[in-house]
Every structure is written in structure tokens, then in C-alpha cells.
Amino acid sequence: MRALLHERLAWAYAVAGNPNETERALSIAEAALSESDGSPQPDWSAWVDRNELQIMTGRCWTELRRPLRAVPVLEDVLTRYDDTHARDKSLYLSWLADSYLTAGEVEQATAITSRALELSAGVASVRPRQRLAPILHQLKAHKELPAVADVLEKARA
């Protein structure tokens, strides 16, 4: 439960633009995952594991516009994240695409956005598409690139 609370605190600090407190909260969350004392935890905290913490870490660094920190973490965890969790994976891919855009890697951001669009196509949630909207908007500045034009067309379809 401590890990979950500190990862959410890290997110709040990231949204507030505070990288030092973000890093501190993420470190405490990581330590909390390692300190299981065997005491019963609420059922709702069971889904917090190292993968979830990595995803939150990548999201935080993306929010703070620190792609050199975000990209490796997100790339690593998303290789282990199954496509059957299409809604969640498409959301997490959106943060990866965002980080690539921040780093100026338009082609990589485009490829990741395309994959996120594919995954989100069959889900009954608008959140992935909402999260991808600002990324697609930023990609419009590069519509002369064939891959970008293709992904923009895919988004319209």
C-alpha cells in the first residue's frame, strides 16, 4: 500500500513540475515494494508491482519533459506488457510517444503512436484516444514525412 501511495505522490509532484520530490517519492515507492513484511494489504493495492512502478516512473519523467529518463524505462516495461491489455498498453505507449516527441525523435514517436492507435481501436474507452490527441496535433507539424502522414490518416479513419 505504501508503494501505491508514494507512486501517486510522485505523479502529483511530476504534474506540479517538481523533479526532486518526484524522484524522492519514486525511490520511497521502490523501497516499499522491497520491504514486504507479510502483513495483509488491501485487495485494491495488489496490482502495484515493479512493472506498475516502472510505468509510473516513465509517466512521471515524461510529464517532467525528461525523455532521457522516461524512454528507457517505458521501452523496457512495455516489452513485457501484453497486447491483451490493449487499453492500458495504448495509454502507456502514448507517454512513450510523448517522450520521443520531446526528444525530437519524430519518426520513433510516429511509430509508437501508430501502435497505440492500433491497440486502442478495439477498446471501449475514449481515454487512449484523448491521450493521443495532443501527440497527433504535434505530429501535424511534420506531416510532410510519409510515416507521419500515414499515422494522421490512420487517426482520422
- Carbon + sulfur, % of accessible area of the chain - ligands and nucleic acids excluded, 1.4 Å: 53
- Dmax and Rg, reported as Rg then Dmax, of the range 1-140 (C-alpha, Å): 15.3, 51
- Message: Of the candidates Ala141, Ala86, Ala133, which one comes out as most mobile in a Gaussian network treatment of the chain with C-alpha springs shorter than 10 Å?
- Response: Ala141
- For the Cα atoms of the chain, what angle does the longest principal axis make with the long axis of helix 2-15, in degrees from 0 to 90, nearest 10? 40
- Query: Under the rule of -39500 (n - 2.57) per DSSP H run of 4 or more residues, summed and divided by the residues of the chain, what mean residue ellipticity at 222 nm is obtained, to the nearest 500 deg cm²/dmol?
  - Reply: -23500 deg cm²/dmol
- Global size of the range 57-157 as Cα Rg and Dmax, reported in angstrom: 12.5, 33
- Accessible surface, per residue, of the chain when the full set of protein chains is kept, probe 1.4 Å, Å²: 54
- Relative packing of peptides 97-106, 121-130, 10-19 - highest average C-beta neighbours within 10 Å first: 97-106, 10-19, 121-130
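The values are calculated or read from the model by the stated rules, or taken from the named source; none is laboratory data. The structure presented is a predicted model; accordingly, all values stated were derived computationally and were not measured. All Cβ positions, even for glycine, are placed from backbone atoms using ideal geometry, and neighbour counts span all protein chains on display. Side chains included, ligands, DNA and RNA excluded: accessible areas come from the protein's heavy atoms. Shrake-Rupley method; radii C 1.70, N 1.55, O 1.52, S 1.80 Å.
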